[in-house]
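Handing you a structure now.
Values in this text are rule-based calculations from the coordinates and carry no lab data. Since we're looking at a predicted model, the values are computed, not measured. Here Cβ is always computed from backbone atoms with ideal geometry, including for glycine, and neighbour counts include all displayed protein chains.
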Amino acid sequence: MGAIVPELVDTSVPRLAAGCRWGGTVEAPVVLFPEGAIRVEGTGRIILELCGGHFSLAEIVQKLETQFFLAPKGKIRAEVQTFLEQLHAKRIIDY
Amino acid sequence: MTECSNPLALIAEITHRCPLHCVYCSNPLEMISRNEELATADWLRVFGEAAALGVLHLHLTGGEPLARQDLTELIEGARRSRLYTNLITSGIGLSRERLSQLVEAGLDHLQLSFQDSGEGQANWIAGTRAHAHKIELAAWIREPRIREHGIAFTVNLVVHRQNIDHLEEMISALEALHPDRMEIAHAQYYGWALQNRSALLPTRAQLDRAVAVVAAAEERLRGRVRIDMVVPDYHARFPKACMGGWGRQLLLIDPAGRALPCHAAGVIPGLRFDNVREHALDRIWQTSEAFQKFRGEDWMLEPCRTCDRRKEDFGGCRCQAFLLTGDARATDPVCELAPLHHLIEDAVREEAATRTFPPPQQAPFHVLQEKMAGFWSYRTDPK
């Protein structure tokens, strides 16, 4: 019974899940969720800032590839995918 | 003075009044009455002070927080202070219209408690007819006009000997309400639950089955519903890191404004709790005697004092240590290394002994109270 777990594909549009939002301070931003918060820095922060429901996975990967043009081909896609899938399992990201 | 970090969460017990009489309630046995409760303005000031101190999450609880007519105002104030606002509720007193008001005020997360899957059994545990309304409320929470505000919805189920054998049905029943999260929390033995321990403590065999049921549900619901489980520490080898350590991450304000390191700290004799009516929150957090008392490691006795695990579990729960051994500094007897660990082993053995429990029954509260006397005590409301 019930819905099938959505798969993360190029056209998926990742966004913060219900009850999850930005908090903390500009210097030390966090993503708040029902029973906790994660401090986001570095690449994680860059990815999450793109998860506002405006960009598809393909667009997010493209933006990161432009920014980190020295990274080996395919590596960024794989890392973004794993990162978002982990946050999806924790019900912090929806797509 | 022991160094301290900032608290991350504030538990606001805004009232002890509650229309339910749950036998596992974690409120103290001696409750605070309505005329002693903090005023709206006091709470709003405390929320601002908490945010300035670094608190991120506010948990509005009780009693039943909906018993406060100013709840919408409190939520608005909390959001103005940039706190993540969580309402822990039985749902009794929440109409469709009031739900909209709370959500429009900026509520981030609503946690709705359930006592069991079947109506009769659930009402028997709660001592009142509450179940049907909860089901109706859950449907309102999932209506698009509420969902569009981006609120997270958790269903919470307190598990114990009287309902643990049908955990599978309970999970299915709750799944049908489409929550984002499911919290399966075994009763913790403080307050009313400690008084009723002989009726509530599950056997080892019951617990092992429940753990398997939850693991299967987690697998099945992965990516749809997040399941968080709190296991009963009586069956563990080592104690829980209660509240993430005394005075390290959380503080609780009771309905009368006393600041406590946890729900149960009031039971420890000789602890002096400062009140937010008289002191600013940062001062209470940093210097009040109650928060200082078990910070750091200087207070520890052996075997905690020289144990490698002391930085992980901080010696376990101070309140449980006091309630079971009479000494709040003692190693939590849950720990297999504790000199008084046999207290837990004895309790588990005694409570596991076969005994006949009366079947669930439906009756007005005062009749239930009488019929169930000698088996368990229902939580009663403050005067």
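R0 = 60 Å: FRET efficiency of residue B:308 with residue B:149, Cβ-based, nearest 0.05?
It comes out at approximately 0.80.
With a 10 Å Cβ neighbour count serving as the proxy for reagent exposure, in which order, fewest first, do B:114, A:68 appear?
Listing B:114, A:68 from fewest to most nearby Cβ atoms yields A:68, B:114.
Let me ask you something else. So for B:190, B:84, fewest C-beta neighbours within 10 Å to most, what's the order?
By the 10 Å Cβ count, ascending, the order reads B:190, B:84.
To continue, here is another question. Excluding residue B:340 itself, what net charge comes from residues whose Cβ is under 11 Å from its Cβ, given Lys and Arg +1 and Asp and Glu -1?
Summing Lys and Arg as +1 and Asp and Glu as -1 gives -4.
Tell me which residues come under 5 Å, amide H to amide H, from residue A:93 once H is placed; ignore anything under 5 positions away on its chain.
A:17, A:88
So what is the relative contact order for the range B:245-383, in percent, with contacts set as C-alpha pairs under 8 Å and at least six apart?
14
Counting helices only, and only those DSSP H runs with n ≥ 4, report the 222 nm mean residue ellipticity of the protein assembly as shown as the sum of -39,500 (n - 2.57) divided by its residues, in deg cm²/dmol to the nearest 500.
-10000 deg cm²/dmol
Is any residue of the range B:240-280 close enough, with backbone N under 14 Å, to a label point placed 7 angstrom from the Cα of residue B:297 along the Cα-Cβ axis, and if so, which?
Counting backbone N atoms under 14 Å from the label point, the list is empty.
With labels modelled as points extended 7 Å from the Cα through the Cβ direction, what inter-label distance (nm, one decimal) is found for residue B:29 paired with residue B:283?
3.5
Roughly what would the spin-label model give for residue B:98 and residue B:380, points 7 Å off Cα along C-beta, in nm?
It is 2.5 nm.
Once each part is reduced to its C-alpha centroid, what is the distance from the range A:64-95 to the range B:108-183 in angstrom?
Each part's Cα centre sits 35 Å from the other's.
Among B:279, B:263, B:186, what is the fewest-to-most ranking by other Cβ atoms within 10 Å?
Sorted ascending by nearby Cβ count, the order is B:279, B:263, B:186.
In addition: Before anything else, pin down the relative contact order of chain B: Cα pairs under 8 Å, at least 6 apart, normalised by residue count, whole percent.
With pairs under 8 Å counted, the relative contact order is 22 percent.
Go through A:90/B:134; B:240/B:371; A:90/B:240; A:75/B:311 and tell me which ones have a Cα-Cα distance over 30 Å in this structure.
Those over the limit are B:240/B:371; A:75/B:311.
Using the Cα centre of the protein assembly as shown as the reference point, and only Cβ charges (+1 on K/R, -1 on D/E), how large is the resulting charge dipole? Debye, rounded to the nearest 20.
Dipole of the protein assembly as shown, to the nearest 20 debye: 200 debye.
Once a ≥ b ≥ c are taken as the square roots of the eigenvalues of the Cα gyration tensor of the protein assembly as shown, is the result rounded (a/c under 1.5), prolate (a/b larger than b/c) or oblate (a/b not larger than b/c)?
Rounded.
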